[in-house]
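Structure first, commentary second.
The values are calculated or read from the model by the stated rules, or taken from the named source; none is laboratory data. Small disclaimer: the values here were computed from a predicted structure and weren't measured. Reconstructed Cβ throughout: ideal geometry from the backbone, glycine too, with neighbour counts over all protein chains shown.
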Amino acid sequence: MSNQETAIIILAAGSSSRLGHPKQLVEFEGKSLLRRTIETALDCGCKKLVTVLGANSDLIKPALNYPSITIVENRAWQEGMGSSIAKGVEALKNSFEDLKAILILVCDQPYLDASLLQTLITTHQNQQCLIVASSYKGTFGVPALFDQTLFSALLNLKGQKGAKRLMKSNHDKLITIPFLKGHIDIDTQEDVEKLKSK
């Protein structure tokens with residue numbers, strides 16, 4: 001397999017209610033968090049990149065001038081992350097029949113880098129596993145890669161239940177890769193200030 005058989009979904013549909021303004025547009029080191037995530041994903045050379053927008057899409061979309069990405073709007077974004085994952089998977093399945101894996105990212109992990117994403121992809125290619133997840137602070141989560149045998153389960157996700165439950169139910173077929181700063185994300189203004197002070 002090559003990276004051309006893996007697609008990426010970036011989840012960026014949330015309203016950032018605790019922050020009070022769109023976290024997708026928070027600037028870090030000269031770029032918005034969403035732009036940083038997109039450019040990191042593009043560095044992997046995967047076949048397709050889908051960004052799922054929802055709340056504040058009118059504000060966010062003009063900042064996404066990337067001809068090679070597909071933007072999907074989740075009008076049911078208030079239902080939660082599960083619905084955004086399902087929207088992203090649906091868009092990919094309608095476009096590509098030969099995908100072997102989907103890599104799911106969120107837009108507010110500022111220390112995400114392409115080498116981690118490449119390790120997730122390579123591990124799936126070389127190991128007998130259905131899921132390759134990132135591990136940090138005693139837990140595991142996104143970025144996470146899902147084998148094609150789980151696409152239907154991803155399509156059936158609903159509401160606030162993201163892919164974590166799917167990871168737990170397939171724990172015996174899951175491999176984790178350390179992501180040392182994966183626990184750092186942006187939910188509040190305090191998080192923003194801590195990030196910018198480093």
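Test Asn65 against the stated conditions and say whether it is outside any helix (DSSP H, G or I), surrounded by fewer than 15 Cβ atoms within 10 Å (Cβ to Cβ) and free of Cβ contacts under 8 Å to residues at least 40 places away in the same chain. Against the criterion (outside any helix (DSSP H, G or I), surrounded by fewer than 15 Cβ atoms within 10 Å (Cβ to Cβ) and free of Cβ contacts under 8 Å to residues at least 40 places away in the same chain), Asn65 qualifies.
Here's the yes/no breakdown for (1) charged (D, E, K, R); (2) surrounded by fewer than 21 Cβ atoms within 10 Å (Cβ to Cβ); (3) in contact (Cβ under 8 Å) with a residue 12 or more places away in the chain:
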site	(1), (2), (3)
Val89	no, no, yes
Val106	no, no, yes
Leu112	no, no, yes
Ala144	no, no, yes
Asn156	no, yes, yes
His171	no, yes, no
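Applying the set (1) out of contact with any helix residue (DSSP H, G or I) (no Cβ under 6 Å at 6 or more places or on another chain); (2) touching a residue at least 40 places away in the same chain (Cβ under 8 Å) to Gly162 leaves exactly one unmet item: (1).
When the residues of the range 151-165 are filtered to those that are over 16 Å from the mean Cα position of the chain (by Cα) and at pLDDT 90 or above, the one that is farthest from Leu117 (Cα to Cα) is Asn156. Counting only residues that are more than 24 Å from Leu166 (Cα to Cα) and part of a loop (DSSP other than H, G, I, E, B), the range 68-90 holds 1 of them. For the list (1) closer than 26 Å to Val26 by Cβ; (2) at pLDDT below 95, I need the number of the one condition that Asn94 fails. For Asn94, the failing item is (1). Only one of the listed residues (Ile104, Ile186, Ile177) is assigned to a strand (DSSP E or B) and over 17 Å from Ile8 (Cα atoms). That residue is Ile177. Taken over the range 1-23, the criterion of being without any contact (Cβ under 8 Å) to a residue 12 or more places away in the chain and over 19 Å from Ser95 (Cβ atoms) is satisfied by Ser17, His21.
When Val26 is tested against the conditions (1) aliphatic (A, V, I, L, M); (2) more than 19 Å from Ile69 (Cα to Cα); (3) without any contact (Cβ under 8 Å) to a residue 40 or more places away in the chain, the lone failure is (3).
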